[in-house]
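Data first, discussion second: the structure below is written as structure tokens.
The values are calculated or read from the model by the stated rules, or taken from the named source; none is laboratory data. The structure displayed is predicted, hence computed values, not measured ones. Please note: Cβ atoms are built from the backbone with ideal geometry, for glycine as well, and neighbour counts cover all protein chains shown. When the accessible area is computed, the model is the full protein with side chains, heavy atoms only, and any ligands, DNA or RNA have been set aside. Shrake-Rupley method; radii C 1.70, N 1.55, O 1.52, S 1.80 Å.
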Amino acid sequence: MAKGKPARGGSTRRVARRAAPARRAAPGRTAARKVTPKRRPVRRSAAKRPAAKPKAAAQRKAASARTASRKAAAKRPPARRGAPKRAAAKRTARKAAAKRPAAKRAVARKPAAARKPAARAAAARKPALARKLAARPALERIGFIGLGTMGLPQALNLAKAGRSVVVYDARPEATAEAARHAGVEAAESPRAVAERCAVILTCLPDDAAVHAVFRGEAGLLPALRAGQVTCDLSTVSPGFTEALDAELRAKGVHHFTGPMLGSKAQAEAGQVFYMLGGDARQLARITPILQQTGRAYIHVGPASVANKIKLLHNALGAVNYAAVAEALALCAGNEVPLQTFYEVVRKGGGMAYGNYFERKVPTILKGDYSPRFKLKLAHKDSQLAKAFFASLGVPTPIHDHARRLLEEALAAGYGEEDASAVTRIVERRSGRPLR
């Protein structure tokens with residue numbers, strides 16, 4: 001090739017870039033330039049490739065295993081495809097246990113306390129808890145003394161509410177009858193009640209009965225301890241309550257009074273209302289109990305104030321007994337139908353209407369004097385009110401008239417009948433029966 005002339009197929013510069021290094025010509029041959037094509041990258045064999053990362057390989061292996069598992073599951077019969085592994089393991093365990101001898105089977109299962117440390121600790125705590133509860137049985141019981149018309153229903157309501165109640169009555173048959181109910185225990189004396197209970201309620205007919213329970217032989221006072229609570233639901237004289245309250249406070253006992261409004265029906269239904277007297281700072285000790293035996297209460301101040309309000313209330317009630325009886329007697333024989341008069345007063349909304357009028361006139365017109373509140377108790381309250389009013393120096397001629405009517409009815413033998421039996425005296429005086 002001539003120097004300076006371009007070679008066939010490209011320029012001099014292009015030939016120089018593609019030309020391979022000159023080879024030494026074999027003898028007898030003329031040397032020639034050879035143009036070689038651009039080399040392609042040589043593929044490495046699988047043996048020379050770098051090893052795959054372990055994580056990627058594990059993922060591929062897991063995916064392959066899942067695929068194989070799905071294919072195997074698809075080939076199994078439908079009944080075996082969904083068999084739970086846990087059930088199969090249980091069957092295997094039962095078969096293995098059945099093959100073991102009886103002695104080995106008994107030893108193989110550990111006791112529950114050995115298997116569970118928590119159960120072992122709880123079992124160790126049980127005796128300590130039992131000792132703790134046994135050391136304070138008084139905190140778990142309520143004492144109730146006096147199981148008469150009003151007392152028995154309240155004691156039973158406490159038991160129905162889940163309380164453990166220890167009862168006593170001066171009549172052994174009344175105590176035994178109450179103890180037949182679930183949750184009620186009998187005590188042989190007031191002192192036994194005080195020894196077993198932290199809170200004690202008394203529901204008694206008069207001052208003498210309350211005195212016997214607190215100060216009598218085997219009474220409450222010798223056994224009462226500081227921190228205990230007593231609550232007298234009886235209607236007694238304010239002076240008696242003041243003396244008893246002072247005596248109990250000297251022993252560190254918290255004394256309450258809770259004279260009630262209501263009759264036997266309200267007591268049975270848990271609808272009694274309480275006028276509660278005593279230390280306001282200790283109300284939480286007694287009010288949860290009264291809420292299980294009655295419908296409501298009002299804290300009226302010191303213990304004796306509740307007795308004063310109860311006497312004033314019952315004195316007004318006694319006046320109602322007399323006034324209603326006289327009004328009915330005036331209707332009889334004067335062409336005024338008794339039932340019509342009753343409906344006018346009850347529905348008319350006038351000042352003559354009262355709870356006593358609505359509740360008692362229907363039974364009076366029937367001649368039904370079965371006791372809801374016995375006349376002898378109404379007479380007792382009127383005597384207490386008389387003494388209280390005399391100490392105040394306030395004349396009470398209207399109450400005096402009602403009190404004398406109660407005295408006459410009691411002398412006539414109506415003491416065990418309802419207090420509305422004073423109407424019998426008015427009938428006798430007027431000579432006009434009300435039926």
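Quick look at the values:
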| quantity | calculated |
| --- | --- |
| Matching residues in the range 393-409 - criterion: being surrounded by fewer than 19 Cβ atoms within 10 Å (Cβ to Cβ), in contact with a helix residue (DSSP H, G or I) (Cβ under 6 Å, 6 or more places away or on another chain) and under 24 Å from ARG372 (Cβ atoms) | ILE398, GLU408 |
| Among the residues listed as ALA303, ALA315, ALA325, the single one being within 16 Å of LYS360 (Cβ to Cβ) and either in contact (Cβ under 8 Å) with a residue 60 or more places away in the chain or surrounded by fewer than 18 Cβ atoms within 10 Å (Cβ to Cβ) (or both) | ALA325 |
| Test for ALA170: is it more than 21 Å from the chain's Cα centre (by Cα) and surrounded by fewer than 17 Cβ atoms within 10 Å (Cβ to Cβ) | yes |
| Boolean, GLU408 is part of a loop (DSSP other than H, G, I, E, B) and either under 47 Å from the mean Cα position of the chain (by Cα) or at pLDDT 95 or above (or both) | no |
| The range 413-430 - residue that is at pLDDT 95 or above and open to solvent by 40 Å² or more (accessible area, probe 1.4 Å) and, of those, nearest to ASP368 (Cα to Cα) | GLU417 |
| Hey, THR241 surrounded by 15 or more Cβ atoms within 10 Å (Cβ to Cβ), touching a residue at least 40 places away in the same chain (Cβ under 8 Å), in a loop (DSSP other than H, G, I, E, B) and of a type in the set (Val, Ile, Thr) or not | no |
| The lone exception for GLY333 - which of (1) assigned to a helix (DSSP H, G or I); (2) more than 48 Å from the chain's Cα centre (by Cα); (3) small (Gly, Ala, Ser) it fails | (1) |
| Residues within the range 335-370 that are open to solvent by 60 Å² or more (accessible area, probe 1.4 Å) and in contact (Cβ under 8 Å) with a residue 40 or more places away in the chain, tallied | 1 |
| Filtered residues of the range 251-282 (kept if more than 18 Å from ALA198 (Cα to Cα), part of a strand (DSSP E or B) and either of a type outside the set (Phe, Trp, Tyr) or in contact with an Asp or Glu (Cβ under 9 Å, 6 or more places away or on another chain) (or both)) | MET260, LEU261, VAL272, MET275, LEU276, GLY277 |
| Hits in the range 180-212 - residues which are in contact (Cβ under 8 Å) with a residue 12 or more places away in the chain, under 20 Å from ASP381 (Cα atoms) and open to solvent by 10 Å² or more (accessible area, probe 1.4 Å) | CYS203, LEU204, PRO205, ASP206, ASP207, ALA209, HIS211, ALA212 |
| So ALA250, is it open to solvent by 40 Å² or more (accessible area, probe 1.4 Å), without any contact (Cβ under 8 Å) to a residue 12 or more places away in the chain, more than 25 Å from SER391 (Cα to Cα) and out of contact with any Phe, Trp or Tyr (no Cβ under 8 Å at 6 or more places or on another chain) | yes |
| Residue list for the range 213-223, filter: open to solvent by 10 Å² or more (accessible area, probe 1.4 Å), within 18 Å of ALA198 (Cβ to Cβ) and assigned to a loop (DSSP other than H, G, I, E, B) | none |
